[in-house]
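Any read-out appearing in this document is the output of simple, stated calculations on the displayed coordinates, not a laboratory observation. On a predicted model such as this, the values are computed, not experimentally measured, just so you know. Cβ atoms come from the backbone with ideal geometry, glycine included; neighbour counts cover every protein chain shown.
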Amino acid sequence: MKRILVVLMALMISSAAVALAGDDAAKAKEAKAAPTTLTGEVVDLYCYMQHPESAVGADHAKCATACIGKGMPIGFLTSDGTLYVITGKDHEPANTVVTEWIGKKSMVTGHVNEAKGMKSIELVSIGAAKS
């Protein structure tokens with residue numbers, strides 16, 4: 001009887017240790033990396049994916065502003081040509097935050113994610129690019 005009790009206690013202790021280790025691993029995975037700052041331009045993804053060569057810059061800003069204002073997806077085209085989807089923080093839309101930066105050289109700071117070849121940045125801040 002003592003043996004069974006000792007074995008049961010050992011199993012309970014090891015189960016608790018495994019559960020605690022699993023919680024720590026989950027918390028570590030949830031912790032976000034430090035924010036990244038990118039330099040480039042806010043673009044509306046609909047137009048950019050249809051005609052990338054002309055859907056950038058001040059000449060396209062009016063159209064992009066209208067598209068983003070209607071809720072179309074938002075992109076950030078970096079200086080090196082990498083395209084990110086801009087997502088709002090905590091499931092909030094980012095369209096009102098980025099509107100004044102459409103068609104202008106700007107800097108975004110946020111948390112970068114990548115899944116299945118698609119990159120996104122969860123917006124923390126946006127402002128004018130440093131010269």
In sequence order, calculated HN-Hα J values of segment 54-62 (Karplus, 6.51, -1.76, 1.60; Hz; x Gly/Pro)
10, 9, 9, x, 4, 5, 9, 4, 5
Only loop residues by DSSP count here, and only those with at most 16 other Cβ atoms within 10 Å; note down the GluC sites (Glu not before Pro) in segment 37-106 that meet that.
Glu53
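Taking the Cβ of Phe76 as the center, what net charge do the other residues with Cβ under 10 Å away carry, scoring Lys and Arg +1 and Asp and Glu -1? Working shown, then result.
Numbers: positive: Lys119; negative: Glu41.
In short, 0.
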Rough spin-label spacing in nm, given labels placed 7 Å along Cα→Cβ, for Val112 and Glu100:
2.7
Which net charge results when you count Lys and Arg as +1 and Asp and Glu as -1 among the other residues whose beta-carbon is under 13 Å from that of Cys63?
0
In whole Hz, the Karplus estimates of ³J(HN,Hα) for segment 103-111 (6.51, -1.76, 1.60; θ = phi - 60°; x where Gly or Pro) are x, 10, 5, 9, 10, 10, 10, x, 9
List the residues, sorted by chain then number, that are 5 or more residues from Gly57 or on another chain and whose placed amide H is less than 5 Å from its amide H.
Gly103
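Please give the direction-averaged projected area of the C-alpha convex hull for segment 36-128, in square nanometres with one decimal. Could you put the intermediate results ahead of the total?
Working: hull surface 21.7 nm².
Seen from a random direction, the Cα hull of segment 36-128 projects 5.4 nm² on average.
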